[in-house]
Amino acid sequence: MTISFDASITFTIRLTLMKIFVAGLPPDMDESELEEFFEKYGKVDSVSIAKDRMTKKRKGFGFVEMSNSLQARTAIQTLNGLGIGRNTLVVKEAV
């Protein structure tokens, strides 16, 4: 996306997909609830919560993808350390 204010000022904002790691999820939280947390900060492209292959129980962590890295960073800064019930979220950029 390129924004131009006049002929002398032009800059480019790079919108890159960012994958975010989220841990400390309550066992009963599903993908739609996790998506709601992140939608407050921008468009969410995908959400997945890890599940045990045998029992299908949620493992308490997952991933969120957002296409705007600026909005993703705001979500990370805001949600990291947030308490949900007895759990504290750990939110950071996935490596």
Item to check | Residues (part of a strand (DSSP E or B) and either of a type in the set (Gly, Ala, Ser) or under 20 Å from GLY24 (Cβ atoms) (or both)) located in the range 39-59 | outcome: VAL44, SER46, VAL47, SER48, ILE49, ALA50, LYS51, ARG58, LYS59
Checklist entry - Of all residues in the range 60-91, how many are exposed (fewer than 13 other Cβ atoms within 10 Å of the Cβ) and either in a strand (DSSP E or B) or among the aliphatic types (A, V, I, L, M) (or both)? => result 2
Checklist outcome for this item: Among (1) surrounded by 15 or more Cβ atoms within 10 Å (Cβ to Cβ); (2) modelled with pLDDT under 95; (3) of a type in the set (Phe, Trp, Tyr), PHE38 falls short only on (2)
Checklist entry - Would you call ALA72 under 9 Å from MET18 (Cβ atoms), out of contact with any Leu (no Cβ under 7 Å at 6 or more places or on another chain) and either without any contact (Cβ under 8 Å) to a residue 12 or more places away in the chain or among the small types (Gly, Ala, Ser) (or both)? => result yes
Item to check | Scope the range 33-67; condition within 16 Å of MET18 (Cβ to Cβ), in contact (Cβ under 8 Å) with a residue 40 or more places away in the chain and in contact with a strand residue (DSSP E or B) (Cβ under 8 Å, 6 or more places away or on another chain); matching residues | outcome: PHE38, GLY62, PHE63, VAL64, GLU65, MET66, SER67
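The values are calculated or read from the model by the stated rules, or taken from the named source; none is laboratory data. This structure is a prediction, so every number in the text was calculated from the model and none was measured. Note: ideal-geometry Cβ built from the backbone for every residue, glycine included; neighbour counts use all protein chains shown.
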